[in-house]
1. Test VAL458 against the stated conditions and say whether it is outside any loop (DSSP other than H, G, I, E, B), more than 17 Å from ARG509 (Cβ to Cβ), of a type outside the set (Gly, Ala, Ser) and open to solvent by less than 40 Å² (accessible area, probe 1.4 Å).
2. What about ARG550, is it assigned by TED's automatic domain parsing to the domain that holds VAL442, in a helix (DSSP H, G or I) and more than 26 Å from PRO464 (Cβ to Cβ)?
3. Look through region 63-113, keep the residues that are within 14 Å of GLN28 (Cβ to Cβ) and charged (D, E, K, R), and return whichever of them is nearest to the chain's Cα centre (by Cα).
4. So which pairs qualify, if the first residue must be in region 495-508 and farther than 15 Å from SER441 by Cβ, the second must be open to solvent by less than 10 Å² (accessible area, probe 1.4 Å) and of a type in the set (Val, Ile, Thr), the Cβ gap must be under 6 Å, and the two must be at least 6 apart or on different chains?
5. Tell me the residue from ARG478, ARG513 that is at pLDDT 95 or above, under 23 Å from ASP25 (Cβ atoms) and within 16 Å of ligand 1 (Cβ to nearest atom), please.
6. Quick check on my filter: what residues within region 485-531 are outside any helix (DSSP H, G or I) and open to solvent by 10 Å² or more (accessible area, probe 1.4 Å)?
7. Condition first: surrounded by fewer than 15 Cβ atoms within 10 Å (Cβ to Cβ) and within 15 Å of LEU431 (Cα to Cα). Now tell me which residues in region 355-396 satisfy that.
8. Can you run down the residue pairs with Cβ atoms below 6 Å, 6 or more apart or on separate chains, where the first is in region 279-301 and within 19 Å of ALA318 (Cα to Cα) and assigned to a loop (DSSP other than H, G, I, E, B) and the partner is modelled with pLDDT of 95 or more and among the β-branched types (Val, Ile, Thr)?
Amino acid sequence: MIAGDVADALPPNDELAQSFELLADLLQLDGADGFRLNAYRTAAQRIRDSATPVAALALEGKAKQLDGIGKTIEAKIVERVETGEIAALVRLQTAIPVGLVDVMHVPGLGPKTARRLWTDLGVEDLDGLRDAAEQNRISALPGLGEKSEQRILESLARPRADVGADRVLLGRALPLVERLIAHLATHSACERVSEAGSTRRRTETVKDVDLIATSNDSTALLDHFVAFPSVAKVTAHGETKATFVSQDGIAADLRVVSPECYGNLLQHFTGSKAHNVALREEAVRQGLSVSEWGIEDADGSVTTMETEEEVYAALGYAWISPELRENAGELELARRGELPALVDSIRGDLHMHTTWSDGRASVEEMAVAAKAQGLKYIAICDHARRLRDGRLAEQVAEIVAANDRVSGLRVLSGVEVDIRADGSLDMPSELLAERDWVVASVHSGFQDSREKLTTRIVAAIEHPSVDCIGHPTGRKLRQRAPYDLDLDAIFAAAAATGTALEINGQPDRLDLRDVHARAAAAAGVKIVCNSDAHSTRALAYADFAVMQARRAWLTDEQVLNAGSWREVAPRRAGASR
Ligand code: DGT
Ligand code: CA
Ligand code: ZN
């Protein structure tokens, strides 16, 4: 245990993680090699995911025991604690304008171009970039031209919400929600407790965690709430609500309400704001006034509701799943009783890695873990580049053996191929044709033009052996914007060829994102929800893909792997087994 005042002085995990991310970005602008950058980015991720304060571990020399954190990084964490800064980071921050990191992340740019824009034109941040583009100074540079300038302006005009560094990934917030609900539910003063806000709606990132409860002793329950073990700082503690910031930098908020209006409050605090505003405007047209405390009719009498179902029913709606509450057409359909029956689980996971490429578990370990999660089939999709020189045959032998040893689960021989710059794939066609399931993904050249990237992916979609495009837009939440694609062209090609598009469940990808997956399905494209697991534990990422699919309004029929392998397999181009 560490004393409270020392714990307060230690940098929280999210701050450390941000430092290493910034270090990686600045090194990249400085021209450092990919290996070092990846080491820092992996470390940042591990630090962020850790439930214990990594700074405290580093001081005890134990941070090295975490995967992805070596001696060098541990030393830098200790340096940050002891001196208040990381010298290497300070040096880079002095040498390179920090705003150039945002410039580097603009689709179509990248580290080399960002650096040139800085040295040749003095661009230091996004404002500078916009000015330079508007004044046609960028097209004057050799090799850039008017088209690049136009693209830059278009990118700057697009909302950058998905890069939002101040928001927390759902994958980090949900485990906290679960632990908090368990913490509260076991207290004798707790009657009902629920998640609310954006985590309940399963948005890909959240600002904070919102909870509501009813209690026979709200003071006792709020005291218990702020005594949660990983509290770093209590920021509010009143009679009906309290707020704290957790060790890993997430704000959590509990409101205790009276049971009569629990339904009204839950509905209100679940949001979204846009959904609530639309709901209230429609109610006003019916002469009703909706608030968190109840529904008031024209005579001024207020009715309170214990459940959300009653709130929606009183306003003439069927209950609406929280994932749909974004004012995106759900209210009209709920009024007509025509909401879609959302997908709620998958039967097979069609993208995962093993020790044959960059995964950490063997084929059999993945199979055993997948079976324990109730899956009926999995596709082992190691990277093709790691299956050359006879390794593919050895891997297939291991897949055959795993099928013999693990009953009740089918282990498919899949592969993840790179879509090369020219649209070709990095495994010969005859080997691809023998695979049960082929995922094709872009892993390089993210900065290429919209035309080039679109053509490249469409070529893969049209390849007869490709079943699915992995993480189609290449975004990394908080790190990398999606690459510039003509999604309508991609959706049209995928629908025409029966090639599925993935919702990749890695919490920092969630790619396709909700609105894109919804548009894809509307265009007739089949969606596949995958974990892209690189460890047995990460198989749970498939759940995040399903959450995203629900936010995309998808039904079982639209999610290919919600069905059995027999239902999936006939769609395979050239199915032979
Ligand atoms: P975020 O940004 O990830 O925390 O998203 P939310 O939706 O959790 O937003 P938050 O925490 O600010 O507020 C929780 C809920 O409270 C929100 O979903 C809807 C409700 N709410 C907040 N502000 C307003 C408002 O101005 N009008 C209405 N009608 N509802 C609001
Ligand atoms: Ca919130
Ligand atoms: Zn993968």
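The values are calculated or read from the model by the stated rules, or taken from the named source; none is laboratory data. Note that the structure is a prediction, hence the values are computed from the model and not measured. Reconstructed Cβ throughout: ideal geometry from the backbone, glycine too, with neighbour counts over all protein chains shown. What goes into the accessible areas is simple: the full protein's heavy atoms, side chains included, and nothing from ligands, DNA or RNA. Shrake-Rupley method; radii C 1.70, N 1.55, O 1.52, S 1.80 Å.
1. Details: outside any loop (DSSP other than H, G, I, E, B): yes; more than 17 Å from ARG509 (Cβ to Cβ): yes; of a type outside the set (Gly, Ala, Ser): yes; open to solvent by less than 40 Å² (accessible area, probe 1.4 Å): yes.
For VAL458, the condition - outside any loop (DSSP other than H, G, I, E, B), more than 17 Å from ARG509 (Cβ to Cβ), of a type outside the set (Gly, Ala, Ser) and open to solvent by less than 40 Å² (accessible area, probe 1.4 Å) - is met.
2. Yes; evaluated as a whole, the condition is true for this residue.
3. Top of the filtered list is ASP102.
4. ALA495/VAL525; THR497/ILE461
5. Working: ARG478 fails: at pLDDT 95 or above.
The unique qualifying residue is ARG513.
6. Those that are outside any helix (DSSP H, G or I) and open to solvent by 10 Å² or more (accessible area, probe 1.4 Å): LEU485, ASP486, GLY498, GLN506, PRO507, ASP508, ARG509, ARG513, ALA523, GLY524, LYS526.
7. Residues of region 355-396 that are surrounded by fewer than 15 Cβ atoms within 10 Å (Cβ to Cβ), as a first pass: 358, 372, 374, 385, 388-391, 393-394.
Within region 355-396, ARG385, ARG388, ASP389, GLY390, ARG391, ALA393, GLU394 meet the criteria.
8. Hits for this filter: LEU288/ILE295.
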